[in-house]
1. For region 35-74, how many residues are assigned to a loop (DSSP other than H, G, I, E, B) and surrounded by 17 or more Cβ atoms within 10 Å (Cβ to Cβ)?
2. Only one of I183, I197, I205 is closer than 23 Å to N61 by Cβ and surrounded by 21 or more Cβ atoms within 10 Å (Cβ to Cβ). Can you tell me which?
3. Out of the residues in region 107-146 meeting the condition of being among the hydrophobic types (A, V, I, L, M, F, W, C) and in a loop (DSSP other than H, G, I, E, B), tell me which one is farthest from A82 (Cα to Cα).
4. Restricting attention to region 75-105, and to residues there that are touching a residue at least 40 places away in the same chain (Cβ under 8 Å) and part of a loop (DSSP other than H, G, I, E, B), which single residue is farthest from the ligand (Cβ to nearest atom)?
5. Report, by residue number, each residue of region 290-309 that is within 16 Å of the ligand (Cβ to nearest atom) and either crowded, with 21+ Cβ neighbours inside 10 Å or farther than 22 Å from R345 by Cβ (or both).
6. With (1) modelled with pLDDT of 95 or more; (2) touching a Leu at 6+ places or on another chain (Cβ under 8 Å) as the list, and M297 as the residue in question, which single condition is left unmet?
7. Does region 156-183 hold any residues that are more than 30 Å from G223 (Cβ to Cβ) and either touching a Leu at 6+ places or on another chain (Cβ under 6 Å) or part of a helix (DSSP H, G or I) (or both), and which are they?
Amino acid sequence: MSGLTHADPLAVVEQRVASGERLSAADGIALFESKDLLRVGRLADQVRRQRVGDDVYFVVNRHINYTNVCRNRCRFCAFSRAEGEPGAYTLTVDEVVGKAREAVDQGATEIHIVGGENPTLPYASIRAMIAGVRQVAPAAHIKAFTASEIACFAEMEKTDVEDVLSDLKSAGLDSMPGGGAEIFRAEVRAEVCPSKISGERWLDIHRIAHGLGLKTNATMLYGHVESYADRVDHLLRLREAEDATGGFQAFIPLAFQPKNSALSHLPPTTGVDDLKTLAVSRLLLDNFLHIKTYWIMTGLKPAQVALFFGADDMDGTVVEEVISLMSEAGHGQTVSKAELIRVIRDAGRTPVERDALYQVVRRYGARRGAASDDDGECGVAGDGDRHGRQSPPVAEPGARGPGAGGSP
Ligand code: V47
């Protein structure tokens, strides 16, 4: 290539993006190595606008972490405990079902259930958990179990992953979250999660889920011992998997929270790294429609800024998430729907409440003036959920500020 490559590697990437050419690993490295955050961000923002427009999605959801007992003890994880260790817990099926019931009573359309790899928990309880949630929440979407939990269930049941996923699907499972991916490269896994399933196995399990008609998400845990090349390799392997199956819905970069983990000597990620990683993800993952900024790991304010760096999704209300709580991420456990709407509008974008499959539950108009408390709500025609149910108007107790109070 021309001298341009050496003088200004980003100019080459910009040309490729403008001509719709797929980016290479070298382009990914150039983007990560660039010190011009705003230029990288602008490119990602442009691609985001072309792909998904100005809608920003969120979901009214609840995370349920049913057990922190885990045989893997990954070095980045502050959540896991050994069986019998102080702080170890396993919720009963009734407790999980009770939390799900509470969530749907509060308007949740998605229940996100994940836990540790707990071989003392019989598979029958896992199945009963999903069947029980399905019973009390017939219209909710159940997104549950990372690929590593599914592999553990298959091992316990002495069967294969396809069997487990088909069985859980028949009990009520709708999709799988993206956790457990970490960084795919074996050398990195050997350092941070030596007992966990391999990157290849993670990808295989997602391919199997897609083959069964289950949509899944993907994550990347960054900011520990990995290099930019490891991150690029991870993203390109995901891109390749999505080319093959078309089953991924969203990608979520997860900023490493070092506190209380075996890697607590490492510094946390910086704001620049968080925004750049998001932007590079949007640019390399040209076949993933949705890039999610997970506010619980970064804070709501940086998550709002991330909307200018390629993100189009803010996850959701979450309610309770023990993984980030144990690592003292310090950004809270829940956010009201009104607050999500407020920060999305304040970024000049259109808040769209979605269900787990990105069908519109309700679209909210852009606020008409900073000082106005006109919420500009504009339900779209037929904007009830996929079950034909109209969403109740939002009136969050304790919501503050323009556009947040009243009935957004
Ligand atoms: O699997 C664990 C990661 C994941 C730490 O699919 C950590 O919609 C940072 O996967 N610092 C759980 N990350 C969270 C997750 C997720 C979250 C939101 C939405 C979705 C989705 C998925 O968090 C784990 C692991 O990869 N993790 N410890 C830590 N100290």
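1. Result for region 35-74: 6.
2. I205
3. A139
4. Of everything passing the filter in region 75-105, R75 is farthest from the ligand (Cβ to nearest atom).
5. To start, the set of residues in region 290-309 that are within 16 Å of the ligand (Cβ to nearest atom) comprises 290-300, 302-303, 306.
Matches in region 290-309: H290, I291, K292, T293, Y294, W295, I296, M297, T298, A303, A306.
6. Every condition holds for M297 apart from (1).
7. Selection gives M156, E162, D163, V164, L165, S166, D167, L168, K169, S170, A171.
Residue-by-condition table, conditions (1) farther than 18 Å from C77 by Cα; (2) without any contact (Cβ under 8 Å) to a residue 40 or more places away in the chain:
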{"site": "G179", "(1), (2)": "no, no"}
{"site": "L214", "(1), (2)": "yes, no"}
{"site": "L221", "(1), (2)": "no, no"}
{"site": "S227", "(1), (2)": "yes, yes"}
{"site": "R231", "(1), (2)": "yes, no"}
{"site": "L238", "(1), (2)": "yes, no"}
{"site": "F248", "(1), (2)": "yes, no"}
{"site": "S261", "(1), (2)": "no, no"}
{"site": "H265", "(1), (2)": "no, yes"}
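The values are calculated or read from the model by the stated rules, or taken from the named source; none is laboratory data. Since we're looking at a predicted model, the values are computed, not measured. All Cβ positions, glycine included, derive from the backbone under ideal geometry; neighbour counts span all protein chains shown.
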